[in-house]
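Peer 1: For reference, the structure I am asking about is given below.
Each value in this text was obtained by applying a stated rule to the coordinates, not by laboratory testing. Note that the coordinates shown come from a computational prediction; the quantities given were computed from them, not determined experimentally. Using ideal geometry, Cβ is built from the backbone for each residue, glycine included, and neighbour counts are taken over all protein chains shown.
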Amino acid sequence: MTVRVGILISGGGSNMVTLARSMTGVHPARPCVVVSNNPDAGGLDRARNMGLPAVAVDHRSYGKDRAAFEAALSEAIEPYGADILCLAGFMRVLTGDFVGKWQGRMLNIHPSLLPKYRGLDTHARAIAAGDREAGCTVHEVTPALDDGPILGQGRVPVLPGDTPDDLAARVLKVEHRLYPAVLRRFAAGDRRPVILRQT
Ligand code: GRF
């Protein structure tokens, strides 16, 4: 039975593209829908160009009412029958209610070596701390922000003189290798972490 994967984005969707492209051939999963909280997200057109249904649910229409936003999000996803959700640069914090419905079936990619640097500005924080190594983590989503069982990590060096943008670009390349590798394993029911060697 094919596992159906919904992908949630907020921006350019480069992780979404690598995930969607990876799901071909003997892969246990297929992408079923891409949803963005931002109607202007470049990733929506990129998804459509790959022949995927792409839907916007604008969080701004719901003001502070997170429950109403999440109800609309659920409604948008529902017709596509997703078994797994992948958050790929999805920049909204989800409530415990929503997370609870998807517990054990929702993944996120975060641009740091968790448990270091939860939240935003991870690259600037790694540089400011003098870290010699940075990276990214794919984890199961639980109600606590950027927490939950780690399903994979990829590492890169922090080089002398790196700006946050330099480091972000280096880490993003590894995100594009890590997330598809984790999803392939996870969709096959294997939760052992994928550890990529430093590149
Ligand atoms: C990635 O670095 C992701 O880890 C972070 O936002 C970026 C999204 O990039 N949270 P994209 O939209 O996948 O290109």
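Peer 1: Give the peptides 72-79, 87-94, 156-163 in descending order of average Cβ contacts within 10 Å, highest first.
Peer 2: Highest mean packing first, the order is 87-94, 72-79, 156-163.
Peer 1: Nearest 20 debye, what's the magnitude of the dipole of the chain about its Cα centre given +1 on Lys and Arg Cβ and -1 on Asp and Glu Cβ?
Peer 2: Charge dipole of the chain: 600 debye, to the nearest 20.
Peer 1: At 222 nm, what value in deg cm²/dmol follows for the chain if DSSP H runs of at least 4 each add -39500 (n - 2.57) and the sum is divided by all its residues, to the nearest 500?
Peer 2: Result for the chain, helices only: -10000 deg cm²/dmol.
Peer 1: Right, something else. Using the Kirkwood formula over every pair of different C-alpha atoms, what hydrodynamic radius in Å results for the stretch 8-103?
Peer 2: Here the Kirkwood hydrodynamic radius works out to 13.7 Å.
Peer 1: Please give the length that would be gained between ARG21 and ALA56 if that part of the chain were fully extended, namely 0.36 nm times their separation in residues minus their C-alpha to C-alpha distance (nm, one decimal).
Peer 2: Here the segment from ARG21 to ALA56 would lengthen by 10.5 nm.
Peer 1: Same structure, new question: Using Cα atoms only, what is the angle between the long axis of helix 164-187 and the major principal axis of the chain, expressed in degrees (0 to 90) to the nearest 10?
Peer 2: Roughly 50 degrees between the two axes.
Peer 1: Something else: Taking each pair of different alpha-carbon atoms in the stretch 96-135 once, compute 1/r for the pair, average those values, and report the inverse of that mean as the Kirkwood hydrodynamic radius in Å to one decimal.
Peer 2: 11.8 Å
Peer 1: Next question, about the same structure. Please give the peptides 103-109, 12-18 ranked by average Cβ packing (other Cβ atoms within 10 Å per residue), highest first, as a rough proxy for protection.
Peer 2: Top to bottom by mean Cβ count within 10 Å: 12-18, 103-109.
Peer 1: State the Kirkwood hydrodynamic radius of the chain in Å, one decimal place, computed from all pairs of distinct Cα atoms.
Peer 2: 17.0 Å
Peer 1: I would also like to ask the following. Could you let me know the centre-to-centre spacing of the stretch 124-139 and the stretch 163-186, using Cα atoms, in angstrom?
Peer 2: Using only Cα atoms, the two centres lie 13 Å from each other.
Peer 1: On C-alpha positions alone, give me the angle between the axis of helix 66-77 and the longest principal axis of the chain, in degrees, nearest 10.
Peer 2: Between the helix axis and the principal axis of the chain, the angle is about 70 degrees.
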